[in-house]
1. Going through the stretch 195-214 one residue at a time, which ones are open to solvent by 20 Å² or more (accessible area, probe 1.4 Å), among the hydroxyl-bearing types (Ser, Thr, Tyr) and not in a loop (DSSP other than H, G, I, E, B)?
2. Of the numbered conditions (1) under 17 Å from the mean Cα position of the chain (by Cα); (2) assigned to a helix (DSSP H, G or I), ILE11 satisfies every one except a single condition; which is it?
3. Which condition number does SER6 fail, the rest of (1) touching a residue at least 60 places away in the same chain (Cβ under 8 Å); (2) under 26 Å from GLU183 (Cα atoms); (3) among the small types (Gly, Ala, Ser); (4) out of contact with any Phe, Trp or Tyr (no Cβ under 9 Å at 6 or more places or on another chain) being met?
4. Filter the stretch 142-167 down to the residues that are open to solvent by 30 Å² or more (accessible area, probe 1.4 Å) and modelled with pLDDT of 90 or more and list them by number.
5. Test LEU51 against the stated conditions and say whether it is free of Cβ contacts under 8 Å to residues at least 40 places away in the same chain, in a helix (DSSP H, G or I), open to solvent by less than 20 Å² (accessible area, probe 1.4 Å) and within 28 Å of PHE200 (Cβ to Cβ).
6. If you go through the stretch 66-101 one residue at a time, how many are under 23 Å from TRP191 (Cβ atoms) and not in a loop (DSSP other than H, G, I, E, B)?
7. Kindly provide the set of residues from the stretch 215-243 that are open to solvent by less than 60 Å² (accessible area, probe 1.4 Å) and in contact (Cβ under 8 Å) with a residue 60 or more places away in the chain, ordered by number.
8. Would you be able to tell me the number of residues in the stretch 137-194 that are in a helix (DSSP H, G or I) and either more than 29 Å from TYR249 (Cα to Cα) or acidic (Asp, Glu) (or both)?
Amino acid sequence: MRNPLSILLVIIRLILIIIPMIIFIIVYSLLSSFLFKNTPENAFKLRRLFLKFAYFILGISVKIEGIPSEEPALYVSNHRSLSDPLINLKTLDAYVIAKAEVAKIPVLSTGAKLTGILYVKRENKKSRSAVREMMVNTLLNGHNILVYPEGTVNGVKKITGFRPGTFNEAVKNNIPVVPMVIEYKSKKDVWTNRSLMSHFFLQFGKLRTQAWLVIGKTMTNTDGDQLRQEVQEWTNVQIERIHNNWDSYFSKHTTAEV
C-alpha cells in the first residue's frame with residue numbers, strides 16, 4: 001500500500017506540471033503564429049525553459065560529466081526510466097526518437113511533438129524505416145538526434161544490447177555517434193514490470209530523484225557492428241564505474257537486476 005503522503009505529493013506535482021505545461025503550449029503556439037516562427041531553435045529554448053521548471057517541481061538533481069559535441073551527432077543512450085529524456089536533454093538540444101505509445105499520453109505528447117520528437121512503431125517495419133529516414137535527414141540538416149537503441153527500459157545492471165539499425169545508418173551516412181549513460185540512485189527510479197502511472201507514482205512519490213549522466217566522446221567507424229560493439233562496451237564500463245562510486249541501489253546488491 002502506498003504512503004498517503006507520497007500519493008498527495010504526486011498529485012500536487014502532477015497538477016503543478018500539467019497546468020503550466022498546457023499554458024506553455026498555448027502561449028508558445030500563439031506567439032509562434034504572430035511574433036516568431038516555430039523553428040527547432042525556438043522549440044528547444046521552450047523545452048530548456050520548461051525542463052528547469054520541471055526539475056524544481058519533480059525534485060530532480062543530476063550530476064553531469066562531459067559536454068555535447070559542437071557538431072550535429074547521433075546520441076545514443078541506455079534506457080532506465082520514464083524521466084530519461086528529461087535527464088538526457090538537460091544540456092542537449094536534440095530530436096528524440098520515441099515509442100509510438102508516448103503519443104497516446106495526453107498533454108505530454110503535444111508538448112513533446114512541439115519541441116521535437118519522432119515516433120516509431122517498433123513492430124512496424126515501414127514505421128521503423130520511415131523514422132530512420134527522418135533521423136538521417138534531420139542529422140544532415142544540422143540537428144542532433146537522441147535515440148534509445150535498447151528499444152525499451154532496462155532494469156538489469158548491464159545493457160541488454162543495442163539494436164544494429166541505428167549504427168548501420170550512422171556508418172552508411174558518415175554520421176558521428178556520441179554515447180550517453182544515465183543512471184539513478186534509487187531503485188524506485190528504474191521502470192520495470194509496472195504501468196506508466198504506477199511508475200510515475202513510485203518515482204515521484206519520493207522527495208528527490210538523483211541521476212548521473214555521462215556524455216562520451218564522438219565515435220566513428222566504417223563498420224556498423226564494430227561501432228555498436230564499441231558503444232556497448234563503453235556504456236557498460238561507465239555503468240559499472242558510476243555504481244562503484246555511488247551509494248546506489250546497484251552498488252548495494254550483488255544481483256544484477258532491480
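The values are calculated or read from the model by the stated rules, or taken from the named source; none is laboratory data. Computed from a prediction, not measured in an experiment: that's the story for all the values here. Methodologically, a virtual Cβ is constructed for each residue, glycine included, from the backbone with ideal geometry; neighbour enumeration extends over all protein chains shown. The area values use the complete protein model at the heavy-atom level, side chains included, leaving out ligands, DNA and RNA. Shrake-Rupley method; radii C 1.70, N 1.55, O 1.52, S 1.80 Å.
1. Filtering the stretch 195-214 down to residues open to solvent by 20 Å² or more (accessible area, probe 1.4 Å) leaves 195-198, 200-202, 206-208, 210.
If we keep only those that are among the hydroxyl-bearing types (Ser, Thr, Tyr) too, we end up with 195, 198.
Matches in the stretch 195-214: SER198 only.
2. Here ILE11 meets the rest and fails (1).
3. (4)
4. GLY142, HIS143, VAL153, VAL156, LYS157, LYS158, ARG163, PRO164
5. On the way: free of Cβ contacts under 8 Å to residues at least 40 places away in the same chain: yes; in a helix (DSSP H, G or I): yes; open to solvent by less than 20 Å² (accessible area, probe 1.4 Å): yes; within 28 Å of PHE200 (Cβ to Cβ): yes.
Yes: the conditions hold for LEU51.
6. From the stretch 66-101, those under 23 Å from TRP191 (Cβ atoms) are 75-92, 94-101; that's our starting set.
Going one step further and asking which of them are not in a loop (DSSP other than H, G, I, E, B), we end up with 75-77, 84-88, 94-101.
Looking only at that region, the number is 16.
7. Residues satisfying the conditions are ILE215, GLY216, GLY224, LEU227, ARG228, VAL231, GLN232, THR235, ASN236, ILE239, ILE242, HIS243.
8. 13
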